[in-house]
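Below: one structure, written as structure tokens.
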Amino acid sequence: MRICRSIVFAVLLALITPWACAEAPARSGYHEHFGCSTGPFKLTLPKTVSDLKKLGKAKELRDLNIEDHPGYSTAEHMLFLDGLDLRIITFSNDKRNFMPLVVSSYKAQWRVTGPFRVGDSLEHAHQLLGGKLVVKPGGAMEVGGDTDLLRLIIREGKIIRITYECSSG
């Protein structure tokens, strides 16, 4: 059963991992102020699970993995909305709150990926990040902080997918 979950998880991750659709290899860099939950680039997700579910009608919800810990358990879930995919952790001892692991936006309507928007120009993203990175048009831009990672997929000079990968601990 655990092997099946691992295989399903690997397939799901491959489907939502934006580098799979990049036209050129990613260049990566470091930005000391990048983080999923803090700093100028932080995610702007709702604070609770119930508010997260109000973002839009779920196309699909998948339960991925449950782990038992002393006194509580955690569960990983994938939530697929129209143009927004989220992988989150919920906690049995705190049912209101969640922790994002992966947030991937591929439609301009979503305003949860900090200052980055699908449809923005590569130049705009480059300016937001302080001009520290060199990125080829048509490729991907990847920048990380101390624990989290941002990946922007670029086509024809525009952002087509924004993915935040967030540390769980």
Which distance in nm do the two modelled labels at Thr38 and Arg96 give, with both placed 7 Å along the Cα-to-Cβ direction? 2.3
On full extension of the chain, what length is gained from Ser50 through Ala75, given 0.36 nm per residue of separation minus the C-alpha to C-alpha distance? 7.4 nm
Rg to Rh quotient for the range 45-129, alpha carbon positions, Kirkwood Rh: 1.05
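Read-outs: derived from the displayed coordinates by stated rules, not from any lab. Source: prediction; values computed, not measured. Positions of Cβ are generated from backbone atoms using ideal geometry, with glycine treated the same way; all protein chains shown enter the neighbour counts.
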